[in-house]
1. Does A:E94 satisfy the condition of being touching a residue at least 24 places away in the same chain (Cβ under 8 Å), within 9 Å of chain B (Cβ to nearest Cβ), assigned to a helix (DSSP H, G or I) and farther than 20 Å from B:T335 by Cβ?
2. Of everything in region B:187-204, what is buried (at least 22 other Cβ atoms within 10 Å of the Cβ) and polar (S, T, N, Q)? Give them in sequence order.
3. Restricting to region B:101-155, name every residue that is more than 18 Å from B:A47 (Cα to Cα) and among the charged types (D, E, K, R).
4. Would you point out the residue of region B:249-283, among those that are of a type in the set (V, I, T) and buried (at least 23 other Cβ atoms within 10 Å of the Cβ), that is farthest from the other protein chains (Cβ to nearest Cβ)?
5. I need every pair where a residue in region B:351-370 that is over 17 Å from B:T335 (Cβ atoms) has its Cβ under 7 Å from the Cβ of a residue that is of a type in the set (D, E), sequence separation at least 6 or different chains.
6. Going residue by residue through region B:121-134, is there one that turns out to be surrounded by 21 or more Cβ atoms within 10 Å (Cβ to Cβ), of a type outside the set (V, I, T) and under 26 Å from the mean Cα position of the chain (by Cα)?
7. May I ask you to verify whether B:G309 is of a type outside the set (D, E, K, R), within 14 Å of chain A (Cβ to nearest Cβ), within 22 Å of B:K222 (Cβ to Cβ) and surrounded by fewer than 21 Cβ atoms within 10 Å (Cβ to Cβ)?
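Just so it is clear, none of the values below were taken in a lab; they were calculated from the coordinates. Quick caveat, the model's predicted, so the values are computed rather than measured. Cβ coordinates were reconstructed from backbone atoms using ideal geometry, including for glycine residues, and neighbour counts include every protein chain displayed.
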Amino acid sequence: MRTLLAVFALAAPLLITACSSQPPAAEQSGAKVEERRPTNISTPPVVPPPVTTATIDPYSVAALKDPKSILSKRSVFFDYDQFVVKDEFKSLLEAHGKFLVNNPKFKMLIQGNADERGSREYNLALGQKRAEAVKKALLLLGAREDQVESVSLGEEKPVCTDSTEECWARNRRGDMLYSGEF
Amino acid sequence: MKSCHACAAPLLLASLLTVALSAQAQLSIEITGAGANRIPISIADFAGERIVSLALTSVVRNDLERSGWFRLVEPGAIAAVDASAANLAELKTRGADAYVGGSVSPAGAPANGQRYETRFQLFDVQKSAALGGHSYAHSGGQLRATAHRVSDFVYEKLTGEPGVFSTRIAYVVKSTGRFELQVADSDGMNAQAALASREPIISPTWSPDGSKLAYVSFESKKPIVYVHDLATGRRHVAANFKGSNSAPAWSPDGKRLAVVLTKDGNSQLYTLNADGSSTTRLASSSGIDTEPQYSPDGQWIYFTSDRGGSPQIYRISVGGGTAERVTFEGTYNVTPRLSPDGKNMAYVSRNSGRFQLTLMDLATKQSQILTDTAKDESPSFAPNGRTILYASEVNGRGVLGTVSVDGRIKQKLSIQAADIREPSWGPQLK
């Protein structure tokens, strides 16, 4: 497990750049240091992991940043004023649920978002409901309650700022961030 | 349509005198509507050193004219503090109903900076009678504050309601990559940043004694509620539970905050002490409960909930119990804010896709839409209950608006090259 963490620590900067197609990760400037401090890393010798092979475990840490892996996709989109996870995102959540089960030391922050229309505080609550819907799905798939935190950014961190339906649809979103990405 | 950009010249004089003025971009204020029956008032240039007295007089004139309740009448050559019967007779022919005369004179040793005494008298021109006056001792830096107190006196004597010219407002300015929580005088001057952050700040709200702001900051990648002491700049976390923490509202005694927490699932109402201790759940629903606000008597908490299928306004006793639905028309009614006398409720309703500031008479349940804008948010009553400050959008830019409760008197407050939002009108300080 420590190896995994060490690997992740090395991969984290890469991961953030690799996910640049996912604006929320890019916007997380000055990412907060996670509870597990790097002191863990120096104690055991770090074994470089075989990250190059494409045929490794599909739920490995490497898969998180592999564009060919479904795990590199982190966003679930919602309809206006809705917080039901649509069928098209079920396989995505299944993959992340399995990842959390296979990597029990990993934590996830789910950030819910809303489009700009209406009250900021109500939109914060709508974003929360979306994050909560994603969290519930992941818990049903075996993730642990203490592994997943759902929060809301409301309408405050839009990835798209035009007042068009296409843009709003991109902002009605739940984003899944793993340890080191938030 | 009268723009107050013309007021910039006298205000500039004022700023030469008040060195404490910050270099912040100033709010510019545009009057977009006025009352039907404005009181014609004549305000003489106050006697005294011209640069000082003019700076003061211009603030009084701007205050009263911008309130929408007054129309300025040229006083001609009359400039006396104690107007004679002949003066008042002449003012009557000019169409004035009221007259203010005054003076600003140097007082005391300038060892600790020049001090002044400002004296003024208000007259009923029609009845040819003095309505009272006041004198204030103040420093050069308090010139604007003194002018606002003169305006408050005149406003109250002539309209019967306390003036709010001496109060302050808080709001958030968003420029590229930067959010600032600012506090300014109610006329937008003397803006000071209380907090600057790269992450959003929302929902600032004044403590009842005007010493603190509670707000939500996203600086730790999730919403956390802080309480910020304005005099010391110190702040503490009031609510940081697992999940989101938001929508703070002060109890009228300033001891407790109603907040929205998600530690037990969806957004729900809780109350806690302002220091963050003693959290109590207030209400339970299977959906969203948010935007709490105490009624002025402290007996009720009004809030937004989607428990009935669409966002509507409800209220619940501070002791908990069953929630009562308050709004029934339409499918989107949010952000309840009670008037200081508890009789009216400002909120935002959606009408054919437009989000508009709306006012409900709580006794009759009659509602009136007060604006013609489409993206209104965050209403906040002036402490005298006469005006509502709110956020809106004009040409894609975040602006603040004020509107009188009858919907007639309107102002727009904007700031150059930035969005201004999340306004909160501070309390009247005794």
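1. Answer is no for this residue.
2. B:S203, the sole residue that qualifies.
3. B:D124, B:K127, B:D152
4. This residue is B:V259.
5. none
6. yes
7. no
This table checks each residue for (1) of a type in the set (D, E, K, R); (2) part of a loop (DSSP other than H, G, I, E, B); (3) within 9 Å of chain B (Cβ to nearest Cβ).
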{"site": "A:V84", "(1), (2), (3)": "no, yes, no"}
{"site": "A:L100", "(1), (2), (3)": "no, no, no"}
{"site": "A:Q111", "(1), (2), (3)": "no, no, yes"}
{"site": "A:G118", "(1), (2), (3)": "no, yes, yes"}
{"site": "A:K129", "(1), (2), (3)": "yes, no, yes"}
{"site": "A:S163", "(1), (2), (3)": "no, yes, yes"}
